[in-house]
Every structure is written in C-alpha cells, then in structure tokens.
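What follows draws every value from the coordinates through simple rules; no lab data is involved. The shown structure was predicted, so the numbers you read here are calculated from the model rather than taken from an experiment. In this analysis, Cβ positions are derived from the backbone assuming ideal geometry, glycine residues included, and neighbour counts consider all displayed protein chains.
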Amino acid sequence: MTPEIAYLRARAVRWVDDYPFPGVVEVTLTDGSGMTWTFVDKYPMFDSEDKLKPDSSYPIDLLLACTIVERTGDGVTVSTSEPWDLETVDGTFQLVMRPDQVLSSRR
C-alpha cells in the first residue's frame, strides 16, 4: 500500500551555511503538544519554489512533506522520513500532530 503523503506547516528560520553545496537552512515546526522541532538540511529538501536563498528575508513559511503513519481521534502520527528522508536535529522522524495541522495532499 502506498503511504498517504501530507504536508505540515513549517518555517525556515535562517540560512545556516553555504556548505555543503548547495546550502543549508534551519526549519522549525510545532507539533500537536506545542513542542518545537528543528530540522537542518540542504535547502532543496524544503524548497520547491526557490524561495530559500542566503540573502532571503527569514523567516519564510513553507510546507514540509510527510507521510501519515496513524490517525487517532485527537492526533495524527506522521513520518518525515518519507518522502524526503528528513529527521530533526536529534534524530526524530515521527511526530504527533493535531488533525488541523496536517494538510492532505488531496486538496
């Protein structure tokens, strides 16, 4: 069965470095319990619209792709390991979000 792709609202907060090529950004998002998570990776992992540049005005709102792992009455467990193999700076890739925080790809 193909995993259901969804999106999370996130925010690129700063350009970290030009190296490794093509450049690295820091992105944050807040989960369903109010905890803020930080991702640091090459900017194309987060940017399909070519908005993230070293001289861009941060913060920049964006959508972070994920897959739905499980839906419960009050939460949605998502994985950021698919489709783009992303994890937080502490190695977390499964997050529990409120249903209203998860945007379906079937919009």
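Worth pointing out:
- Only residues that are among the polar types (S, T, N, Q) and outside any strand (DSSP E or B) were counted in the range 1-57, giving 5.
- Selected residue (only one of Asp50, Asp41, Asp17, Asp90 is farther than 14 Å from Gln101 by Cα and either under 11 Å from the mean Cα position of the chain (by Cα) or surrounded by 15 or more Cβ atoms within 10 Å (Cβ to Cβ) (or both)): Asp41
- Selection from the range 53-68 of residues that are surrounded by 11 or more Cβ atoms within 10 Å (Cβ to Cβ) and touching a residue at least 40 places away in the same chain (Cβ under 8 Å): Ser56, Tyr58, Pro59, Ile60, Leu62, Leu63, Leu64, Ala65, Cys66, Thr67, Ile68
- Across the range 93-107, the qualifying residues are those that are part of a loop (DSSP other than H, G, I, E, B) and free of Cβ contacts under 8 Å to residues at least 40 places away in the same chain, and the one among them that is surrounded by the most Cβ atoms within 10 Å (Cβ to Cβ) is Phe93.
- Top-ranked residue in the range 1-14 [being among the aliphatic types (A, V, I, L, M) and under 20 Å from Gln94 (Cα atoms); ranked as farthest from the chain's Cα centre (by Cα)]: Met1
- Qualifying residues in the range 69-87 (those that are among the aliphatic types (A, V, I, L, M) and part of a strand (DSSP E or B)) - the one surrounded by the most Cβ atoms within 10 Å (Cβ to Cβ): Val78
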